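Following: one structure in structure tokens, then a few remarks.
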Amino acid sequence: MEFKDLKLDARIQSAILGAGFTKPTEIQSRAIPIVLAGSDLMASAQTGTGKTAAFVLPALNRLLKASKKSGNGPRALVLTPTRELALQINQHVRQLSRGSKISSGSIVGGMAYHPQLKMLRGRLDFLVATPGRLLDHMEQRKVDFSRIEILVLDEADRMLDMGFIDAVTEIAAAMPKDRQTLLFSATLEGPVLKVANQLLKSPKRLSLAANNQRHQLIQQVMYHADSKAHKQKLLEFHLKSGRIFKSLIFTATKRGAEQMARALQVKEIKSAALHGDMSQNKRRQMVENLRKGRIETLVATDVAARGLDIKDISHVINFDLPTVAEDYIHRIGRTGRASATGYAISLVGPADWNKLSQIEKLIGEKVKREIVDGLEPTSGEPRKTPKARARPVARAKSRLKTAKTAQTKKTKKSKMSANDASGAAPYKPGSWRKSKPATKRTKSRATKPTRKAA
Ligand code: ADP
Ligand code: MG
């Protein structure tokens with residue numbers, strides 16, 4: 001796709017040329033048409049992929065048409081977590097609105113009030129702000145939001161992490177209800193999703209593949225579970241197998257993480273919870289405990305675990321699969337760091353199958369199915385679509401069979417190495433390749449091996 005295919009105003013097209021952009025990035029070519037069509041949008045994409053222009057360009061395009069409302073207040077507002085980001089975005093707006101006669105400015109904390117007040121009194125089309133200072137001005141009744149047409153929450157997850165949630169919702173509440181709202185975030189899960197549900201109207205959703213190379217160092221397997229209780233048993237089996245050195249377990253909710261950490265402690269597995277309701281200090285402390293080996297496992301929600309860099313996490317366990325497929329890649333990226341091989345285990349319950357197929361689509365491969373003897377699921381995998389009947393299913397099945405036989409053959413040949421690879425010997429960082437021949441304990445497991453399904 002070319003920029004000219006995006007149907008932006010000629011003035012904006014020439015500003016794009018002036019900025020030296022030759023082709024839209026993926027997020028731009030996918031987001032811009034949605035925003036131009038007037039839909040709300042929630043989107044995630046890796047950093048550095050051009051998200052700013054993805055919202056600035058269509059917003060500017062909208063501002064080129066005259067406002068239906070009189071007054072001086074801003075028509076577009078971007079909220080962003082930090083002062084640096086706000087200034088950076090404002091520069092981007094300036095650059096892309098060259099020749100468009102659109103006035104823009106920024107309002108951030110740590111700066112003098114007077115110039116900001118002066119700016120708010122004059123005509124202002126495009127405003128970029130941090131929530132705290134903007135709220136300040138709002139409370140002094142210095143801001144007129146009556147003309148707002150488009151609200152952008154940039155780095156929404158970070159704004160939430162930084163405690164701006166109340167400010168953001170208060171600001172949004174002061175705006176016309178018929179506005180268009182866009183949300184950009186590294187993740188579209190957890191608290192961000194809640195905010196999106198609150199502030200966006202039937203949004204379109206874009207989540208673009210994150211770092212696709214990373215997961216190649218990571219061995220990914222999944223176990224089919226009939227229920228939550230079954231998942232719990234599978235989890236305990238793995239944690240007690242002696243194969244796991246340090247692990248990070250992901251749950252969908254904060255409460256889930258708390259409960260799980262407690263349940264594991266009862267089973268004498270040294271564990272702790274890590275989630276966004278804990279103070280930053282407490283979070284740091286728990287991460288340190290895992291780093292130093294004072295605990296074996298951390299049960300976390302996505303928000304708290306982001307950016308976590310502990311070199312020797314041997315296993316990531318998805319107790320609940322993430323709602324957004326892209327988060328799967330972020331999660332498993334917590335293991336296999338610094339070129340050590342990592343393992344990612346997903347427990348797939350009845351509610352997880354759709355998520356799994358999204359994940360497989362994103363990573364472009366099937367996650368290997370495994371079964372633990374004595375903990376087999378009672379049901380088969382659900383069919384992909386309830387509509388697919390008769391022949392397609394039969395065909396799918398036969399394909400599955402061939403895959404299965406191929407897999408069994410392969411497994412037979414490489415059973416020992418497969419066992420090594422799943423860390424039969426207790427894991428030591430970076431040492432699995434050199435791991436010694438099976439000990440007595442693993443031998444007995446080798447005679448009763450973990451069965452591989454298709
Ligand atoms: P993100 O918000 O996704 O982290 P930015 O919007 O800050 O990324 O963009 C990252 C860099 O890429 C910026 O320097 C920006 O000027 C540049 N950029 C954005 N879009 C394009 C494009 N279509 N072609 C070339 N460079 C681009
Ligand atoms: Mg950005």
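The values are calculated or read from the model by the stated rules, or taken from the named source; none is laboratory data. These numbers were taken from a predicted model, which means no experiment stands behind them. Neighbour counts run over all protein chains shown; Cβ positions are idealised from the backbone, glycine included.
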Which one of the conditions (1) among the hydroxyl-bearing types (Ser, Thr, Tyr); (2) within 14 Å of ligand 2 (Cβ to nearest atom); (3) touching a helix residue (DSSP H, G or I) at 6+ places or on another chain (Cβ under 6 Å); (4) farther than 25 Å from Pro131 by Cα does Ser100 fail to meet, given that it meets all the rest?
(2)
If we take segment 139-210, then strands (runs of 3 or more DSSP E) inside it with 1 or more residues that are β-branched (Val, Ile, Thr) are 150-153, 180-184
Need pairs with beta-carbon distance below 8 Å; first residue assigned to a helix (DSSP H, G or I) and within segment 234-253, second among the hydroxyl-bearing types (Ser, Thr, Tyr); sequence gap 6+ or separate chains.
Leu234/Tyr223; Leu239/Ser247; Leu239/Thr297
Residue among Gln198, Gln259, Gln232 that is polar (S, T, N, Q) and not assigned by TED's automatic domain parsing to the domain that holds Thr341:
Gln198
Go through Leu206, Leu200 for me and flag whichever is surrounded by 17 or more Cβ atoms within 10 Å (Cβ to Cβ) and closer than 27 Å to Asn318 by Cα.
Leu206
Given Thr82, Thr130, which one is farther than 20 Å from Leu57 by Cβ, surrounded by fewer than 17 Cβ atoms within 10 Å (Cβ to Cβ) and within 16 Å of ligand 2 (Cβ to nearest atom)?
Thr82
Within the set of pairs 6 or more residues apart or between chains, which connect a residue that is in contact (Cβ under 8 Å) with a residue 40 or more places away in the chain inside segment 169-181 to a residue that is assigned to a helix (DSSP H, G or I) and of a type in the set (D, E, K, R) with Cβ atoms less than 9 Å apart?
Gln180/Arg62
Name the single residue that is nearest to Val152 (Cα to Cα) among those in segment 11-35 being touching a residue at least 60 places away in the same chain (Cβ under 8 Å) and either within 14 Å of ligand 2 (Cβ to nearest atom) or within 24 Å of the chain's Cα centre (by Cα) (or both).
Val35
So, of the residues in segment 91-105 that are small (Gly, Ala, Ser) and either touching a Ser or Thr at 6+ places or on another chain (Cβ under 8 Å) or at pLDDT 95 or above (or both), which turns out to be nearest to Phe21 (Cα to Cα)?
Ser97
Those residues of segment 165-183 which are within 16 Å of ligand 1 (Cβ to nearest atom) and touching a Phe, Trp or Tyr at 6+ places or on another chain (Cβ under 7 Å) amount to Leu182
If only one of Ser39, Ser106 is hydroxyl-bearing (Ser, Thr, Tyr), under 23 Å from Met162 (Cβ atoms) and in contact with a strand residue (DSSP E or B) (Cβ under 9 Å, 6 or more places away or on another chain), which one is it?
Ser106
Can you pull out every residue in segment 42-75 that is away from ligand 2 (no atom under 16 Å from the Cβ) and either farther than 21 Å from Ser103 by Cα or small (Gly, Ala, Ser) (or both)?
Ala66, Ser67, Ser70, Gly71, Gly73
Looking at the structure I just gave you, is Leu151 closer than 17 Å to Arg62 by Cβ, surrounded by 22 or more Cβ atoms within 10 Å (Cβ to Cβ), more than 12 Å from ligand 2 (Cβ to nearest atom) and in the same structural domain as Phe55 (by TED's automatic domain parsing)?
yes
Those residues of segment 36-82 that are free of Cβ contacts under 8 Å to residues at least 24 places away in the same chain and either within 22 Å of Ala15 (Cβ to Cβ) or within 14 Å of ligand 1 (Cβ to nearest atom) (or both) come to a total of 4
